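Each remark here refers to the structure printed beneath this line.
The values are calculated or read from the model by the stated rules, or taken from the named source; none is laboratory data. Remember, predicted model here, so these are calculated numbers, not experimental data. Neighbour counts are summed over all protein chains in view; Cβ atoms, including those assigned to glycine, are modelled from backbone coordinates with ideal geometry.
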Amino acid sequence: MTLVVIPARLESTRLPGKPLALIHGVPMIVHVWRRALEADLGPVVVATDDAAIAAVVRDAGGDAVITRHDHPSGTDRIAEALGVVDPDRRHAVIVNFQGDLPTIAAPVVRQTAALLDDPDVAIGTPVAAIIDPAEACAPHVVKMVGSALGPRRFRALYFTRACAPWGEGVLYHHIGLYVWRRDALERFVALAPSGLEQRERLEQLRALEAGMRIDAVVVDDVPLGVDTPADLDKARALLRDG
């Protein structure tokens, strides 16, 4: 069984109070919760450090759990939430549905979850071809370097903020959605941060350095990650037009 968990913390350096930012009168975290429901993979719960975030989710009809405020990552927040919402371990697959993706399309989530149909895959994640040349070497655009397993599937070998791989060919932009086997997630949060993870500031490198297999699916619908006021304006425009 699959459980979808949306980690959401109130603090944000570039966009304070981000989960509660209004998009057409509705808090962003509620838009994200609705996108998670549309994927129809399983129950959805928001894991947050803030009572106000939990309240708006519950007012919308959703489930929320309060977690510690000092977690270093959303993955750690999810791990704590699992102990509260599923202590009997009924859910073997956990979707880390980022709380700043209010425009993500349900097919992207379902395609990512399907990667775990292969029992050797510990983590699934989506990527998209980079179209804008300015993004190829932009450090805020994380690139996936992988070995092709099929027309739209890779085994991820590395993730980097650099322009990689070198040479002619398509570069792939990593999208911050993860589908975990629960055992892999619990192993991951028990590990110390790895050297490459700390250098690149990319926690998925901890999993790769620990030998966990990450597969990536190529998707066409690239969701907007909301990190700045300008991103929030774009999200408002996209959701209005959509």
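Quick one: which strands (runs of 3 or more DSSP E) lie wholly within the range 17-127 and hold at least 2 residues that are crowded, with 23+ Cβ neighbours inside 10 Å and aliphatic (A, V, I, L, M)?
Values: elements: 44-48, 63-66, 93-97.
Here the list reads 44-48, 93-97.
Taking first residues from the range 21-36 that are assigned by TED's automatic domain parsing to the domain that holds ILE94 and partners that are exposed (fewer than 15 other Cβ atoms within 10 Å of the Cβ), the Cβ contacts under 7 Å between residues at least 6 apart in sequence or on separate chains come to HIS24/ARG240.
The single residue among ALA184, ALA216, ALA235 that is in contact with a Gly (Cβ under 7 Å, 6 or more places away or on another chain), under 22 Å from ALA36 (Cβ atoms) and of a type in the set (A, V, I, L, M, F, W, C) turns out to be ALA216.
Of the residues that make up the range 165-179, is at least one surrounded by 15 or more Cβ atoms within 10 Å (Cβ to Cβ), farther than 30 Å from GLY17 by Cβ and either among the basic types (Lys, Arg) or in contact with a Cys (Cβ under 8 Å, 6 or more places away or on another chain) (or both)? The answer is yes, given that some residue of the range 165-179 is surrounded by 15 or more Cβ atoms within 10 Å (Cβ to Cβ), farther than 30 Å from GLY17 by Cβ and either among the basic types (Lys, Arg) or in contact with a Cys (Cβ under 8 Å, 6 or more places away or on another chain) (or both). Entry remark, the range 1-16: residues being within 19 Å of ARG182 (Cα to Cα) and not in a loop (DSSP other than H, G, I, E, B) number 6 in total.
Evaluating ALA105 against the criteria (1) modelled with pLDDT under 95; (2) farther than 22 Å from ALA184 by Cβ; (3) aliphatic (A, V, I, L, M); (4) in contact with a strand residue (DSSP E or B) (Cβ under 8 Å, 6 or more places away or on another chain) leaves one unmet condition, (4). Close Cβ contacts (under 6 Å, 6 or more residues apart or on different chains) running from residues in the range 116-144 that are in the same structural domain as ILE175 (by TED's automatic domain parsing) to residues that are of a type in the set (Gly, Ala, Ser) and part of a loop (DSSP other than H, G, I, E, B) comprise ILE130/ALA136; LYS143/ALA164.
Taking the listed residues ARG201, ARG187, the one that is basic (Lys, Arg), out of contact with any Leu (no Cβ under 9 Å at 6 or more places or on another chain) and surrounded by 13 or more Cβ atoms within 10 Å (Cβ to Cβ) is ARG187, with no other qualifying.
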